[in-house]
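Undergrad: Got a structure here, written out as structure tokens. Questions coming.
What follows draws every value from the coordinates through simple rules; no lab data is involved. Worth saying up front: this structure is predicted, and the values here are computed from it rather than measured. No Cβ is skipped: glycine too gets one built from the backbone with ideal geometry, and neighbour counts run over all protein chains shown.
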Amino acid sequence: MSRIFFWGQFLEKMSLENMAKNHVDRLNEVGRMVSNFNSVFDLARLMEKILTSARTLTKCEAGTIYLLRGGKLVFAQSQNDYLDRIVDDPTGLPFFNRNMEVSRSTLSGYVALERKPLTINDTSSIHPGAPYQHFTGFDNESSYVCQAIMTLPLATDDNEPLGVLQLINPLGEDGLLTCFSEDDERILSFYCGFAAQAMEKSMTMNSAISHNVEIISSQDPLETRAHATRVATLATAIYRHWSSKRGVNEDKRLRVLNLLPFAAMLHDVGKIYVPKSVLTKPGRLDQRERAIMEGHVLAGARMYVDSFTPLDEITREVILDHHERWDGQGYPGWVDVATGAPLPEKSGPDGRIMGKKGEEISLYGRIVAVADVYDALSNRRAYKEAFDQTLAIQIMEQESGRHFDPEVVESFLAVKSILNRIKNLYPDPPYEPPKPVFESGQAD
Ligand SMILES: [Fe+2]
Ligand SMILES: [Fe+2]
């Protein structure tokens with residue numbers, strides 16, 4: 001009897017030790033996963049990473065991230081391996097892109113308001129008296145049954161909710177549906193703390209950049225947030241193709257893909273220093289106005305002269321070089337950014353400012369030049385109507401080797417299938433003809 005008792009104690013001790021080892025292994029895995037989060041600035045990419053890693057930790061078949069926006073829970077990220085196998089495009093299912101009121105009566109609403117995790121291993125047996133119920137509307141629309149659901153708050157350090165993470169249907173080694181363990185909830189709560197911290201950082205950065213773009217838009221109604229977003233999306237797609245063709249090392253590629261969209265959004269930030277009368281003038285600019293307009297490059301670059309983060313550096317390169325031309329005929333050329341004076345060692349024989357040419361122009365400047373000019377051609381501007389897409393592409397091809405880096409144009413042509421999608425996703429606001437602007441007592 002005592003031997004059996006001893007054996008039982010031994011087994012219990014072993015299983016506790018195994019559990020503890022397993023827990024430590026999983027904490028280490030969490031550490032590895034979250035160490036990458038802080039380097040991802042783009043919120044959508046970050047949430048995709050957060051959800052994928054959370055599903056890997058719990059071996060869940062599906063998961064969703066909802067964001068709290070304007071008092072609603074907004075479907076922000078969703079993954080479902082089962083639906084991916086049976087539906088061509090699960091994002092076309094009706095429940096995608098649907099927002100929900102934040103209410104204690106739903107699992108996600110309850111968790112967002114209570115800021116505590118909630119694990120339900122069988123949604124069909126939630127007690128009728130419970131404050132929350134599983135909303136079966138999504139299950140009915142998709143024919144996918146969410147049987148086990150773990151819902152966790154994504155809250156800031158001072159417990160302000162940003163949203164909730166929902167993990168659905170954990171699978172066992174045999175691929176069959178199983179239950180969440182107690183350890184799952186502890187591990188995932190710990191994980192969500194780091195995830196929310198990274199999300200808050202990304203949201204802060206996105207909002208700062210959006211506000212800058214709003215300021216530019218308030219000056220020039222056609223240099224809108226939509227234009228900046230289209231240029232950023234196209235430039236990123238061009239770099240993705242260019243870097244994969246060139247075999248750029250994956251770490252470097254991911255770093256640039258993370259920074260370039262933000263830098264490209266800010267390419268015309270210097271326009272806040274250009275008078276509205278010049279920015280919105282219909283028709284051609286005279287020589288004086290043209291010089292003022294071209295001044296936006298140095299004005300923008302000066303905003304980044306004393307900043308040294310990798311994002312600042314790439315933003316400065318984009319701003320400074322996006323109007324240079326491959327053939328050396330662009331601007332501002334080889335000048336001192338602070339004063340605009342020609343750099344003596346780079347000046348022409350007569351002391352003239354020389355344009356940068358070829359690979360003297362930064363790669364990011366060359367890429368944004370292509371994206372910016374294509375976008376200007378294919379959309380209305382104060383001085384012209386929108387060109388039809390075929391003509392705009394033709395002009396880009398003709399300018400390869402003159403205005404643009406031929407290799408960058410090649411990558412632009414390789415990704416041209418996304419041009420319509422970008423245009424539809426980020427349309428310009430309705431056009432309002434510019435009103436007369438009065439400055440310093442003068443009508444312009
Ligand atoms: Fe510009
Ligand atoms: Fe632009």
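Undergrad: Within segment 337-405, list the GluC sites (Glu not before Pro) lying in a DSSP loop whose Cβ has at most 12 other Cβ atoms in a 10 Å radius.
TA: Taking segment 337-405 and a limit of 12 other Cβ atoms within 10 Å, the loop GluC sites (Glu not before Pro) found are Glu385.
Undergrad: Greater than 31 Å separation of Cα atoms is the criterion. Which listed pairs, Lys49/Lys357; Lys59/Lys423; Lys245/Lys271; Lys271/Lys346; Lys116/Lys423; Lys201/Lys384, meet it?
TA: Lys49/Lys357; Lys59/Lys423; Lys245/Lys271; Lys116/Lys423; Lys201/Lys384
Undergrad: So between Gln329 and Asp84, what do we pick up on full extension, going 0.36 nm a residue minus the alpha carbon distance?
TA: Roughly 83.2 nm would be gained on extension.
Undergrad: Taking only DSSP H segments of four or more residues, each worth -39500 (n - 2.57), what value at 222 nm results for the chain once the sum is divided by all its residues, to the nearest 500 deg cm²/dmol?
TA: -16000 deg cm²/dmol
Undergrad: Using unit Cβ charges (K, R positive; D, E negative) and no other charged atoms, how large, in debye to the nearest 20, is the dipole of the chain about its Cα centre?
TA: My answer is approximately 320 debye.
Undergrad: Something else about it: At 0.36 nm per residue, and after removing the present C-alpha to C-alpha distance, how many nm does the segment from Leu176 to Asp312 gain when stretched out fully?
TA: Separation in residues times 0.36 nm, less the Cα-Cα distance, equals 44.1 nm.
Undergrad: Taking the convex hull of the alpha carbon atoms in segment 220-443, what volume per residue do you get, in Å³?
TA: Enclosed volume per residue, from the Cα hull, is 138 Å³.
Undergrad: Considering only DSSP states other than H, G, I, E and B, which trypsin sites (Lys or Arg not before Pro) in segment 278-379 qualify as loop sites with at most 13 other Cβ atoms within 10 Å?
TA: Arg284, Arg352
Undergrad: Another question, then. On average over all directions, what projected area in square nanometres does segment 24-69 have, based on the convex hull of its Cα atoms?
TA: 3.7 nm²
Undergrad: Using amide H atoms built in the peptide plane, which far-off residues or other-chain residues are under 5 Å from Val335 H to H?
TA: Leu343
Undergrad: What are the principal axis extents of the Cα atoms in segment 180-241, in Å, biggest first?
TA: 55, 30, 15
Undergrad: Okay, moving on. Give the lysines whose C-alpha is closer than 18 Å to that of Lys21, dropping any in the same chain fewer than 8 places away, or say none.
TA: Lys13
Undergrad: Still on this structure, please answer the following. Quick one: Debye curve from the alpha-carbon atoms of the chain only, equal weights, vacuum; give me log10 I(q)/I(0) at q = 0.11, 0.13 Å⁻¹ to two decimals.
TA: -0.96, -1.18
Undergrad: Still on this structure, please answer the following. How long is the gain from Lys72 to Val248 if the chain were fully straight, where each residue apart is worth 0.36 nm and the alpha carbon distance is subtracted?
TA: 59.2 nm
Undergrad: Could you check the spin-label model distance between Arg45 and Glu114? Points 7 Å from the Cα along Cα→Cβ, value in nm.
TA: Placing both labels 7 Å beyond Cα along the Cβ direction yields 3.7 nm.
Undergrad: With both bridge residues required to lie in segment 12-156, what share of the DSSP beta bridges run antiparallel, to the nearest 5%?
TA: 95 percent
Undergrad: Quantify how much of the Cα-Cα distance distribution of segment 129-200 extends past 21 Å, in percent.
TA: Counting every Cα pair in segment 129-200, those more than 21 Å apart make up 40 percent.
Undergrad: Find the percent of Cα-Cα distances in segment 308-355 that exceed 13 Å, and round it to a whole number.
TA: 60 percent
Undergrad: Pick out which of Leu171, Leu419, Leu363 has the largest mean-square fluctuation in a Gaussian network model of the chain, springs linking Cα atoms closer than 10 Å.
TA: Result for the chain, Cα springs under 10 Å: Leu171 fluctuates most.
Undergrad: For segment 95-141 and segment 16-67, write down the distance between their C-alpha centroids in whole Å.
TA: 22 Å
Undergrad: On to the next question. Which of the lysines could be linked to Lys276 by a straight reach, that is with a Cα gap under 16 Å, when you skip same-chain ones fewer than 8 residues away?
TA: Lys435
Undergrad: Arranged from highest to lowest average of other beta-carbon atoms within 10 Å per residue, in what order do the peptides 55-62, 18-25 appear?
TA: Highest to lowest by the protection proxy: 55-62, 18-25.
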